[in-house]
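A.B. asks: Can you read through this structure? Questions will come right after.
The values are calculated or read from the model by the stated rules, or taken from the named source; none is laboratory data. Bear in mind that the values here come from a model prediction, so they are computed numbers and not experimental data. Note that each Cβ is placed from the backbone with ideal geometry, even for glycine, and that neighbours are counted across all protein chains shown.
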Amino acid sequence: MNTEKYLSLIKSRMGERRYIHSVNVSKAAVKLAEKYGADPEKAELAGILHDSCKEIDKDEMLQIILGGGIILDDTEKASSKLWHAIAGSVYVREALGIEDEDVINSIRYHTTGRSGMSLLEKIIFTADFISEERSYDGVDIMREKAFNNLEDAMLFGLKFTISDLASRELPIHPNAIMCYNEIVINLSKKGS
Ligand code: DGI
Ligand code: FE
Ligand code: FE
């Protein structure tokens, strides 16, 4: 894979902080891939590209999404923070020629999660929470969980995001709820 090419590409599309974040997510994703037996090259690529549309104009995000034939649902229409992930999945396919559906889906669902996520999707979702520059309350617990039990880490992240959205009276995407429910049901089965 041409890592350098993708790194210089994203560098031209975002500020320094976001670039550092993307590199760090990619590094965390490679470590998680090695730990859990996913393809480290796909993890590296998806990590580098996961926020490739985060800092473009909102109008451009919408254009890319529509151009990809994706119809936004009501929650997505109302939540512009979700657009960069959807636009990113179309951008990597159409502008960069990436064909790997797992890489594309890892980008598309990295913000909300969804039910039935692949190992690579889970890794990118989790890597986004534990990248080296992150410093929120609980990040150390999240990092420990990430290398101990991926689903447990995802649940910790989802609880944080869903509670935060609810406390600010923002819409919660059904994919986030479905992801949360699936993990809670799975974990309770294992515990009982
Ligand atoms: O792009 P990053 O900042 O690295 O992280 P991200 O892609 O996880 O985006 C986080 C933002 O997305 C944060 O502001 C919360 C928001 N978000 C995540 N899930 C949902 C959501 N916003 C809404 N409205 N609904 C969701 O389910
Ligand atoms: Fe993102
Ligand atoms: Fe990110």
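A.B. asks: Of the residues I107, I86, I98, only one is within 16 Å of ligand 3 (Cβ to nearest atom) and in contact (Cβ under 8 Å) with a residue 40 or more places away in the chain; which? Let's see the steps before the verdict.
C.D. replies: On the way: I86 fails: in contact (Cβ under 8 Å) with a residue 40 or more places away in the chain; I98 fails: within 16 Å of ligand 3 (Cβ to nearest atom).
From the options I107, I86, I98, the qualifying one is I107.
A.B. asks: Given E101, E121, E133, which one is within 15 Å of ligand 2 (Cβ to nearest atom), under 19 Å from E44 (Cα atoms) and surrounded by fewer than 22 Cβ atoms within 10 Å (Cβ to Cβ)?
C.D. replies: E133
A.B. asks: Can I ask one more? Within region 55-98, work out how many residues are within 15 Å of L9 (Cβ to Cβ), within 13 Å of ligand 2 (Cβ to nearest atom) and among the charged types (D, E, K, R).
C.D. replies: Total satisfying the criteria: 1.
A.B. asks: Follow-up. Which ones in region 154-172 are within 16 Å of ligand 3 (Cβ to nearest atom) and in contact with a Leu (Cβ under 9 Å, 6 or more places away or on another chain)?
C.D. replies: D164 - this is the single residue of region 154-172 that is within 16 Å of ligand 3 (Cβ to nearest atom) and in contact with a Leu (Cβ under 9 Å, 6 or more places away or on another chain).
A.B. asks: Quick one: is I71 crowded, with 18+ Cβ neighbours inside 10 Å, farther than 18 Å from E34 by Cα and among the β-branched types (V, I, T)?
C.D. replies: Answer is no for this residue.
A.B. asks: Checking the conditions here, which among I183, I141 is under 18 Å from the mean Cα position of the chain (by Cα) and either modelled with pLDDT of 95 or more or farther than 23 Å from S80 by Cα (or both)?
C.D. replies: Answer to the check: I183.
A.B. asks: Kindly evaluate N148 against the criterion of being within 26 Å of E34 (Cα to Cα), surrounded by fewer than 22 Cβ atoms within 10 Å (Cβ to Cβ), within 16 Å of ligand 1 (Cβ to nearest atom) and at pLDDT 95 or above. First the steps, then the outcome.
C.D. replies: On the way: within 26 Å of E34 (Cα to Cα): yes; surrounded by fewer than 22 Cβ atoms within 10 Å (Cβ to Cβ): yes; within 16 Å of ligand 1 (Cβ to nearest atom): no; at pLDDT 95 or above: yes.
So N148 fails the test.
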